[in-house]
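Here's the structure we're looking at; comments come further down.
Values in this text are rule-based calculations from the coordinates and carry no lab data. Model, not experiment: these values are computed from the prediction. Neighbour counts run over all protein chains shown; Cβ positions are idealised from the backbone, glycine included.
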């Protein structure tokens, strides 16, 4: 190259490069700022008392144990319901459905579901589960709402990994005389386990972070429940996110709010990492 | 022998049925949600009158002579979303280009994890930080009596849409065939020129998808907006406290009754229509891309 590029082009490229670096830097800065600030304000307020008690005026304690338990219950109940449904739907789409048009419509519906904002899920969940099925404002109504909300995630991740199972596996199994269900149970599903686990973890992430859909379905109560009560209708309870909202917005107790935020942040981090790890490990195991 | 066969045939049939039912569940859910929203949202619109409802400028649901105009909410939602898109999309696309084309794989990995983490942070956490950091900052910088306004909401929404804009655009940019770039580089264009004049135009439908997804996320966000936008039913201005469609539903739900409650369902229906429009746009983009 004898002649160098013109100054104008050089400047243009320089500006664009600068903007790119600045944008990427800004993202990292925002994240670091957020994490740093939340941990700084929150970690100091996390104490054993906070984690192990319930809010009580008489004893003067403000604990978040009920909220931690409620979050776990909702995760558990939602996953137990959504996993079979989602995996089943993915199996239908990938293994059974022969009509392309039907598959397209179902995929369209799945995309639509994943685009609906959580406040609408909250409202519809209230209309359907709380009022129509008269479950009352309860953990179980909240879980049912979240089942609809997380269904697209489970379907999508399972379907992705079903698609990567080689057709030879299926043909080999069928040629040996296995029935279709037997083939799916023994050959296809074990090979698609990575997608199912990833879907699970992503759903947990979504459930942990959800608040708008739970505000009117699972309620705002802060009582300690056991698992048996949690599945019964009429037992309301707030999850960590909902209680964060209540502490910050309604009561102005920011110390507790930041403590919960710090816990949520750590949980988010763990969920993110485990999704990545699970995908890596299970894919490797599949060879 | 025949008994075994019979049992297995029955089992096969049963599983076939079960999977088919699972498969059609999502369609059923979409219909269920649409049905419930339409049935519970239409009565109030009918009673108030669609013109008065959509274009009325005052919302006073608890006044003696209540008026239910949701134009302030619609405009606030649109302005807030536009603001977040105008600020967030250029930053997001620049960052996506950086991640896909300009940086080393290691740096890309680190920044990508940061983006993933940002997208996983619950919206109430964004709301909390917005409430404690952004709102006072806006109040002091612009010398306002209250910092909880549309501007604060736009800033928080911008941060919240960035992850989806970045990750979808990045995928789109990465999927542009390498030959395009090589041809451009061979003609003497610099790396930066190649990326901006060849790769980005080739990835434009994917980038557009990311923008539309961002719009969907911003217009549907409730909790974070509720915590930073001030939550007063004003006509929107950059520094006035506003209520979005989402927060209008959320803020009065717990104590509403009668026509007020029905009007809230109608607001949700309007929001739903917006989301459906966004879905249609997404599908149009996808269809165009296929061609």
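Contact order, relative form, for segment B:33-139: 11 percent (alpha carbon pairs under 8 Å, 6 or more residues apart, mean separation divided by residue count).
Its relative contact order, with pairs defined as Cα atoms under 8 Å and 6+ residues apart, puts segment B:202-291 at 30 percent. Once you sort the root eigenvalues of the Cα gyration tensor of segment A:61-141 as a ≥ b ≥ c, which label holds: rounded (a/c under 1.5), prolate (a/b larger than b/c) or oblate (the other case)? Here segment A:61-141 falls in the prolate category.
Find how much the distance from residue B:277 to residue B:18 grows on full extension, using 0.36 nm per residue of separation minus their present alpha carbon separation; answer in nm with one decimal.
Separation in residues times 0.36 nm, less the Cα-Cα distance, equals 90.0 nm.
Size descriptors for segment A:167-287: radius of gyration and Dmax over Cα atoms are 20.9, 67 Å.
I'd like the distance between the alpha-carbon centres of segment B:166-222 and segment A:223-270, rounded to an integer number of Å. Cα centres, segment B:166-222 to segment A:223-270: 40 Å.
Under the criterion of Cα pairs below 8 Å and six or more residues apart, the relative contact order for segment B:72-290 equals 29 percent. Principal semi-axes of the equivalent ellipsoid, √(5λ) from the alpha carbon gyration tensor of segment A:64-286, are 36, 19, 15 Å from largest down.
Work out, step by step, the length gained on full extension between residue B:58 and residue B:107: first 0.36 nm times the residue separation, then minus their alpha carbon distance; give nm to one decimal.
Net length gain for the segment: 12.5 nm.
If you run the Gaussian network model on chain B, springs between alpha carbon atoms under 10 Å, then out of B:29, B:196, B:272 the most flexible one is B:29.
Helices in the protein assembly as shown, meaning DSSP H runs of at least 4 residues, each add -39500 (n - 2.57). Divided by all residues, the mean residue ellipticity at 222 nm is -23000 deg cm²/dmol. The ranking of A:181, A:48, B:59 by Cβ neighbour count inside 10 Å, starting from the fewest, reads A:48, A:181, B:59. State the Cα centre-to-centre distance between segment B:113-151 and segment A:40-64 in whole Å. Result: 25 Å between the Cα centres.
Each residue, residue B:86 and residue A:80, gets one label point 7 Å from its Cα in the Cβ direction; the gap between the two is 5.1 nm.
Summarising the label geometry, the points placed 7 Å from Cα in the beta-carbon direction at residue B:141 and residue A:175 lie 6.7 nm from one another. What the Cβ-Cβ distance of residue A:134 and residue A:273 gives, at R0 = 51 Å and to the nearest 0.05, is a FRET efficiency of 0.80.
Ignore the peptide's own chain and count Cβ atoms of other chains within 10 Å of each Cβ in B:8-17; give me the average, rounded.
3
Using a ≥ b ≥ c from the Cα gyration tensor of segment B:15-70 (square roots of the eigenvalues), is it rounded, prolate or oblate, where a/c under 1.5 gives rounded and otherwise the larger of a/b and b/c decides, a/b for prolate? In terms of gyration-tensor shape, prolate. Here the gap between residue A:6 and residue A:163, fully extended at 0.36 nm per residue and compared with their Cα-Cα distance, gives a gain of 51.5 nm.
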